Amino acid sequence: TAMGRAAVVFDFKRSPRSFSWSHLYHGLDLQLICYLLAVKGSLIQGQKADLTAGAFYVPIETPMEVQKTGSLEHADIHIRKARGILNGQWASLLDSRVEKGWSRYYNFAMKQKEGAYGYFSSSGALLPEQFERLLTFTRSKILELAFRLCEGAIDITPYRLGRQSPCSRCDYAAVCKFDWQINDYNPLTPMDKRTVLDAMGGDDA
C-alpha cells in the first residue's frame, strides 16, 4: 500500500490465548512483540517488510465442550478468532468486511466516531504512535532482562500477580526449594491496557 509493506504475525496455539498487558509490562511474556521486532525490516518471500501491522495468537484445536455439543458450525469463527495487538491503521486491510461492531476474525471493533479504535480498553487496536511506543518499550525490556541475567540476577523470587504464580505449574519445585510459608514472592501489580500505555508515555486514545 501507500504506507509501505507490512508484515502480520500469526502464532498458532493449541488452545485459545489472549494478549496480557500485565504480562507484557512486567516482562513475563514478550513473545508476540518479539516476533514483531524480529520481522520488521526482514525479507519475507524475497521482499522487505518495512512495517509491522500486528501479531496474533490463533487457536487450532476445538474445545472439548464444543465437540460434545456439536455447535462447531456456529461457534467456529469465534473459536478461531485471532487475538493480539495491531496497528489500527491497518485494521480495514486485515478485515475489509467489518463496518460496525467487532471483527469476526480479529479482536478489534469499528465504531462510527472511533473508527477502528472502538471499545478501546478491550480491543487489541493501537494508534500508530502507541504501537511504535510498544515496540520501543519491549526492546528496552528485553535489554533490561538480559543485563540482569548477565549481572547474575537469579534470585528465587517467583512473581505473584493477583492470585497467579508460576509455582503451581513448575516442574522444578524440588530443585528450587521455594516455600511460600517462609520465602517471599515478587508482588506485581495487575495492569490493563490504558494503564500500561500511560506508563509507557501517554494514552492517546
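For this structure, a couple of remarks:
- Rg/Rh (Cα only; Kirkwood hydrodynamic radius) as it applies to segment 95-205: 1.11
- Using distinct alpha-carbon pairs, which all enter the 1/r mean, Kirkwood radius of segment 83-149 in Å: 12.9
- Counting DSSP beta bridges with both ends in the chain, the antiparallel % (nearest 5): 45
- J(HN,Hα) series, segment 154-162, from Karplus relation 6.51 cos²θ - 1.76 cosθ + 1.60, nearest Hz, glycine and proline x: 10, 4, 8, 9, x, 6, 9, 10, x
- The value of relative contact order for the chain, using C-alpha pairs under 8 Å at least six residues apart, is 19 percent.
- Of all the options 25, 159, 172, the one that moves most in a Gaussian network model of the chain with Cα springs shorter than 10 angstrom is 172.
- Within segment 1-41: backbone nitrogen closer than 13 Å to the residue 142 label point (7 Å, Cα to C-beta): 30-41
- Low-density loop positions, GluC sites (Glu not before Pro), segment 78-150 - DSSP coil, at most 16 other Cβ in 10 Å: 99, 114
- Subtracting the Cα-Cα distance of residue 121 and residue 80 from 0.36 nm times their residue separation leaves 12.6 nm of extension gain.
- Basic side chains Lys and Arg get +1 at the Cβ, acidic Asp and Glu get -1 at the Cβ, and with that the dipole of the chain about its Cα centre reaches some 420 debye.
- Since only 82, 165, 146 are under comparison, the one whose Cα sits farthest along the positive direction of the charge dipole of the chain, derived from C-beta charges on Lys, Arg, Asp and Glu, is 82.
- Projecting the Cα atoms of 31, 59, 196 onto the charge dipole of the chain (Cβ charges, centred on the Cα centre) puts 59 farthest toward the positive pole.
- Mean projected area (nm²) of the alpha-carbon convex hull when the chain is viewed from all directions: 15.1
- Solvent-accessible heavy-atom area per residue, rounded to whole Å², over the chain at 1.4 Å: 62
The values are calculated or read from the model by the stated rules, or taken from the named source; none is laboratory data. Note that the coordinates shown come from a computational prediction; the quantities given were computed from them, not determined experimentally. Heads up, the Cβs are rebuilt from the backbone with ideal geometry, glycines too, and the neighbour counts pull from every protein chain shown. Ligands, DNA and RNA are excluded from the accessible area calculation, which covers all protein heavy atoms including side chains. Shrake-Rupley method; radii C 1.70, N 1.55, O 1.52, S 1.80 Å.
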